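Rule-based calculations on the coordinates, nothing more; no lab input. All of these numbers come straight from a predicted model, not from anything done at the bench. Every residue, glycine as well, gets a Cβ built from its backbone with ideal geometry; the counts of neighbours run over all protein chains shown.
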Amino acid sequence: MFEKVEIYSKSNCSYCVMAKSYFESNNINYILHNAEDIDVFKELLVRNPAARTMPQIFINDVLIGGYTDLVEWVK
C-alpha cells in the first residue's frame, strides 16, 4: 500500500507537519521534497499542474492530494 511515499512540503505549513507526523507515527518511510526550492516546485507542477496548496502527497506515484485528502484516502 505504501511502497513509495513522497511529500512536497514547505516550512511553516501545519498540514505538512500533520502529514509527516501521520507517516512517522505509522512507521512509514517517505521522501520529502522541499517545494520552497524553485526547481522542486517546477517538478511538482509538472506532476500536478493544479497544485496550489501544500502538502502534495504522492503514494506509489499516484497523486493523493493534501493532508485532508490523505485522511479520506486512508479510510
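Within straight-line reach of K4, meaning a Cα separation under 16 Å, sit the following lysines at least 8 residues removed in sequence or on another chain: K20. Between helix 38-47 and the chain there is an angle of about 70 degrees, using the helix long axis and the longest principal axis of the Cα atoms. Of all beta bridges that DSSP places with both ends in the chain, some 65 percent have antiparallel geometry.
In the chain, helices alone account for a calculated mean residue ellipticity at 222 nm of -11500 deg cm²/dmol, with every DSSP H run of four or more residues adding -39,500 (n - 2.57).
When Cα Rg over 2.2 N^0.38 Å is computed from the coordinates, the matching label among [x] 1.40; [y] 1.00; [z] 1.62 is [y]. Given R₀ = 22 Å, what would the calculated FRET efficiency be for T68 paired with N27, taking r from the Cβ atoms and rounding to 0.05? Between T68 and N27 the formula returns 0.50.
Label-to-label distance, N34 versus E3, with points set 7 angstrom from Cα along the beta-carbon direction: 3.0 nm. Near V5, the amide H atoms lying under 5 Å from its own belong to I31, N60; only residues 5 or more places off or on other chains count, and H is placed 1.01 Å from N.
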